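Report on the structure given below.
The values are calculated or read from the model by the stated rules, or taken from the named source; none is laboratory data. Values in this document were obtained by computation on a predicted structure and should not be read as measured data. Don't worry about glycine lacking a Cβ; one is built from the backbone with ideal geometry, like all the others, and counts go over all protein chains shown.
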Amino acid sequence: MSARRRTLSLLDERRDFSVHAVVGLLVLAGMLAGLAWQSEGVRHQVALTMSRQPESFLVLDFPGIDAERSCAVQEGFVAVRFSAVAHGDRAGSVGYQVEVRPEGTARNVTRVAGTVQLADGRPVVLEKRLPVPETAFDVAVSVLDGTEELLVHCQGELS
Amino acid sequence: MTLLLDRPEVARRPAPPPVPAETPVTRPRHRRRRPLAYPVALLLVAEAFVLADLDVPVVRVLVGLAVLVAVPTWQLAAKVAWRSDDARWCYAFGLTLLGVMVAGLGLNTVLPLVGVERPLAPLGLVIVSATVNTALMLWRGQQEAEPVVVRWPALDLATLLGILAVLVAVGGAVRLNNGAGGGMAVIGLVLVGGVFAVLLLRTAGTPGGDARAVGLAALALLLATSLRGWYVTGHDVQKEYFVFRLAHDALHWRMEAFQDAYNACLSITVLPSVLATFTGVDGPGLFKVLLQLPFVLVPVMVYLLGRRLAGRRRALLGVVFFVSFPTFSNDMPFLVRQEVAFLFLTLVVLAATERNWDPRWRRTAAGLGGVGVILSHYATTYVLLLTLGIGLAGLLAVRLVRRRAVVVRPILLSPLLIGVLAVATWTWVNPITSSGGHAGQVILQTWQGLTGAAETQVSTDLEHVFSFGQVSDQERLDEYAADVAAATDEGRETGYLLPLPDDALAPEAVPDPVAPPTPLGRALEAVGVDPGALVGDLRGAGARMIQLFLLVGLAVLLLRRRRPAGYEGEMWFLSLAVFGALGVQALAPGISVEYGILRAFQQSLLFLAPLVAVGCVVAAGLLRRAATVAVAGSVAVCYLALVGVAGALLGGAPPKLALASEGDYHDIYYVRPAEVAAAAWVAREYGQQGITTDLASDPYTLARLFPFLRDVPTTPDAFFPAQLRHNGWVLVGSSTVEHGYAMTPTEGDRVRYEYPLDLLGTSFDRVYDNGDVEVYR
């Protein structure tokens, strides 16, 4: 039989791949898969292909009216209260910092940094007190290894 | 391995001649009947399983589908004397689907009259299902008009490739949803191409074998797109899911709940509600998987129709063009109401071309299919009526001009059928659902556009399809920004809106996103070939190829004496009418925007796909010796370019949602978990603080997050820079945060523009940030 004929025969609808051959192939594939399953990389790829994986992100927010409270100056200090919640791979120890920046200048910025242990999906409310200038200022809350940042513009003692 | 249901060869034999009256009739010996009690008892157990709402994964879905769809389809296929060579399963399935919608509508209408507030509750549905299924099983007892024989399918290469394509396409979509690359998804689409290659290279094939492979290939293409995203993803389908939830949550479909044309489509209200009750699947999976399955039959029926009209090879070629057309895989999975309507529409044409049927029965069957179209989707109905109207006008005109009877026995072009469908349409959209107002507006706008009484939009899809003078995005954006600036000047003067510098009032347009070149694309770049331009050229060539082949096919129809035998009589008029209707939709201002020329073209391919194949074969025939190579090459290029494989392999081109986690549709329709989290936070804040100010965001983000912001007042008209208010909440969606651009609808299209995030940062407080979404106030 010529190569062309063999190819066409393979394409033929009447060409029935026997159940035995298919079962044999499946058994072989199963054995290979079993071997490959020993590799963590393979298991990860299979999980990626067959099931939903949790998405990783970290949320910073001012719950309730805490953004306004962050501007409320008492005895030269503001109490900045914010919430953080991590999902997926972002859970764990997260470094953050809270800054008070006088408006219009990069000098005299006060900041406090810290770390917080975030469990997957569980919000944690944090509060930090920082001294403020007498002028208008901004309050910024950010994480140290990410782009997330909260920002509140305050009018200073007037607010 | 799946069961194959097929009729035995003996059933294909022609009916024996009638027996003369005087001949003594000898009754055939009846076979020993198997007792019906067991199957009926099994059926009732299955119905009770559904009624008990037992949540057994996979089993519940299979049992639900069995009692709702499989049993009635099987019984109808076996016990009705269809006398159809190839399509009885399609007819039986279509009749079952229509029955589900009509029975659901009946319960929904009658039960409230006797005080039942939730007429689509499981009890009523299961009683009807059990009654109908039992009646069908008892009807004619065990005597099947066309017996069904169960046998194992032949595992031929095309079927194996098809099964593999489905598995790989599903895996590819899941990987993309999990943030992995698109390699597996690309392989899935290549395997689909392999299925068609095997089918086309075969010298012969049975309708059943070909249809099985075509169905699997179509399923792979649809799931590759529909399964993208963990939430309801895509245009239209988000609103479709919303109207489904209205009906299903109340277990009562009411137009008063949402007076909109979408809510008048039983295909996305009553049908999915009944399906959800039986299968227990009422989340996004219902629209992403279960409701995609009926549409798989459409390419199969396009193949069967093409086989009747133009022969096997041309039918297969036609299907390749049908599924390659970008709307099939890009958009149809997001248009469930139209998928169901297309199923009925194809059944209409299939029934009309059933040669073994009496003309009266063909018209009746076509009418039933037409009712399915009317109940499923308003716009498909209007296009169907437009097409039939043009065809009838053409038929009458030819009869008038020639002054002698044209030998055509109209089935679809029967004035009676068209009249009945028109009256049924009017009855459904006016007195019953009061949803025809929008169609009236479009007709009025079109008329005003044609007469010059008003300025009417034309879809930019037309520019892309026919490649005529395109207006640049920047020109479109400048015009839009000037209009918005003029309309908001007073607001800025009074201090209600933010004062803005001139450059913020007129933002810069941003080009559509393109994928970075792949290693293969970089290799091409190294030899001076721009991969993006090459992919664009290939896509353009693929689109133009289909148009060219269609024109050649029409020329054959008009000029050539030896046209394919299937295109005689009514089919000749209908083909031209479909083309005419396409022209009307393309050229009439207003309609092209409302319906979309690409969707119109896809709908016309239901009927014209075999003709495109005829054109392809004729065009290739002109090349004589190189014909086979030319056909194979052009079809392969057409497929690979139009479904996006070429772009994914080379890069530099706009990515497709089925193959990458970037690009136009991804920006607009893909809902990320981080966005859902942000929407939930906003909804909570609004609820707790009693906020009444509208939440501003771009219209696409608001549409995407609509299901999660249902209790939050929103506005898309306070997000464009010139519309920003001093006070208010602004939600910035993921594509804006990630890429720095936003999108706005302009006349007939959408435009990307640089969004002034810095301006938001200096003018508002950023009170929420999760890396994907920012909320300002």
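Summary of computed values
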{"quantity": "Condition met for residue B:730 (within 14 Å of chain A (Cβ to nearest Cβ) and outside any helix (DSSP H, G or I))", "calculated": "yes"}
{"quantity": "Residue B:62 being surrounded by fewer than 21 Cβ atoms within 10 Å (Cβ to Cβ), in contact with a helix residue (DSSP H, G or I) (Cβ under 6 Å, 6 or more places away or on another chain) and at pLDDT 95 or above", "calculated": "no"}
{"quantity": "First in region B:138-149 and among the charged types (D, E, K, R), second anywhere and surrounded by fewer than 14 Cβ atoms within 10 Å (Cβ to Cβ), Cβ under 7 Å, 6 or more apart", "calculated": "B:146/B:81"}
{"quantity": "Qualifying residues in region B:408-443 (those that are at pLDDT below 70 and surrounded by 14 or more Cβ atoms within 10 Å (Cβ to Cβ)) - the one nearest to residue B:365 (Cα to Cα)", "calculated": "B:408"}
{"quantity": "Residue in region A:114-129 that is within 18 Å of residue A:78 (Cβ to Cβ), part of a loop (DSSP other than H, G, I, E, B) and β-branched (Val, Ile, Thr) present", "calculated": "no"}
{"quantity": "Subset of region A:96-146 that is surrounded by fewer than 18 Cβ atoms within 10 Å (Cβ to Cβ), away from chain B (no Cβ under 14 Å) and among the basic types (Lys, Arg) - its residue that is nearest to residue A:64 (Cα to Cα)", "calculated": "A:129"}
{"quantity": "Residue in region B:630-648 that is in contact (Cβ under 8 Å) with a residue 40 or more places away in the chain, assigned to a helix (DSSP H, G or I), hydrophobic (A, V, I, L, M, F, W, C) and within 21 Å of residue A:55 (Cα to Cα) present", "calculated": "no"}
{"quantity": "Residue count, region B:763-774 (criterion: of a type outside the set (Phe, Trp, Tyr), within 8 Å of chain A (Cβ to nearest Cβ) and at negative phi)", "calculated": "6"}
{"quantity": "Subset tally (residues that are away from chain A (no Cβ under 12 Å) and either buried (at least 24 other Cβ atoms within 10 Å of the Cβ) or not in a helix (DSSP H, G or I) (or both)) for region B:197-215", "calculated": "1"}
{"quantity": "Yes/no for residue B:190 being aliphatic (A, V, I, L, M), farther than 13 Å from residue B:657 by Cα and either surrounded by fewer than 24 Cβ atoms within 10 Å (Cβ to Cβ) or facing chain A (nearest Cβ under 9 Å) (or both)", "calculated": "yes"}
{"quantity": "Some residue of region B:663-672 being over 30 Å from the mean Cα position of the chain (by Cα), surrounded by 19 or more Cβ atoms within 10 Å (Cβ to Cβ), closer than 27 Å to residue B:234 by Cβ and of a type in the set (Phe, Trp, Tyr)", "calculated": "no"}
{"quantity": "Residues located in region B:521-563, provided they are in a helix (DSSP H, G or I), among the charged types (D, E, K, R) and surrounded by fewer than 18 Cβ atoms within 10 Å (Cβ to Cβ)", "calculated": "B:522, B:525, B:537, B:544"}
{"quantity": "Test: residue B:157 is surrounded by fewer than 24 Cβ atoms within 10 Å (Cβ to Cβ) and either within 19 Å of residue B:325 (Cα to Cα) or within 12 Å of chain A (Cβ to nearest Cβ) (or both)", "calculated": "yes"}
{"quantity": "Residue within region B:75-88 that is among the β-branched types (Val, Ile, Thr), within 28 Å of residue B:342 (Cα to Cα) and buried (at least 17 other Cβ atoms within 10 Å of the Cβ) present", "calculated": "yes"}
{"quantity": "Pairs where the first residue, in region B:665-685, is in contact (Cβ under 8 Å) with a residue 12 or more places away in the chain and the second is aromatic (Phe, Trp, Tyr), C-beta under 6 Å, 6+ apart", "calculated": "B:668/B:700; B:671/B:231; B:674/A:57; B:676/B:708; B:679/B:708; B:681/B:768"}
{"quantity": "Which numbered condition residue B:212 misses (of (1) charged (D, E, K, R); (2) modelled with pLDDT of 90 or more; (3) over 28 Å from residue B:302 (Cβ atoms))", "calculated": "(3)"}
{"quantity": "Residue in region B:674-686 that is more than 14 Å from chain A (Cβ to nearest Cβ) and either crowded, with 24+ Cβ neighbours inside 10 Å or more than 30 Å from residue B:526 (Cβ to Cβ) (or both) present", "calculated": "no"}
{"quantity": "Tally of residues being surrounded by fewer than 20 Cβ atoms within 10 Å (Cβ to Cβ) and farther than 17 Å from residue B:696 by Cα across region B:763-777", "calculated": "0"}
{"quantity": "The one condition in (1) buried (at least 20 other Cβ atoms within 10 Å of the Cβ); (2) within 14 Å of chain A (Cβ to nearest Cβ); (3) polar (S, T, N, Q) that residue B:133 fails to fulfil", "calculated": "(2)"}
{"quantity": "Where residue B:760 falls short, out of the listed (1) among the aliphatic types (A, V, I, L, M); (2) touching a Ser or Thr at 6+ places or on another chain (Cβ under 8 Å); (3) within 14 Å of chain A (Cβ to nearest Cβ); (4) surrounded by fewer than 22 Cβ atoms within 10 Å (Cβ to Cβ)", "calculated": "(2)"}
{"quantity": "Subset of region A:56-84 that is at pLDDT 90 or above and not in a strand (DSSP E or B) - its residue that is nearest to the other protein chains (Cβ to nearest Cβ)", "calculated": "A:62"}
{"quantity": "Any hit, region B:688-695, residues being farther than 24 Å from residue B:669 by Cα and assigned to a strand (DSSP E or B)", "calculated": "no"}
{"quantity": "Among (1) farther than 23 Å from residue B:705 by Cα; (2) surrounded by fewer than 19 Cβ atoms within 10 Å (Cβ to Cβ); (3) away from every other protein chain (no Cβ under 14 Å) - the single one residue B:222 does not satisfy", "calculated": "(2)"}
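For every residue, the table says whether it meets (1) more than 30 Å from residue B:564 (Cα to Cα); (2) in contact with a helix residue (DSSP H, G or I) (Cβ under 7 Å, 6 or more places away or on another chain); (3) among the basic types (Lys, Arg).
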residue: B:228; (1), (2), (3): yes, yes, yes
residue: B:253; (1), (2), (3): yes, yes, no
residue: B:267; (1), (2), (3): yes, yes, no
residue: B:286; (1), (2), (3): yes, yes, no
residue: B:304; (1), (2), (3): no, yes, no
residue: B:322; (1), (2), (3): no, yes, no
residue: B:325; (1), (2), (3): no, yes, no
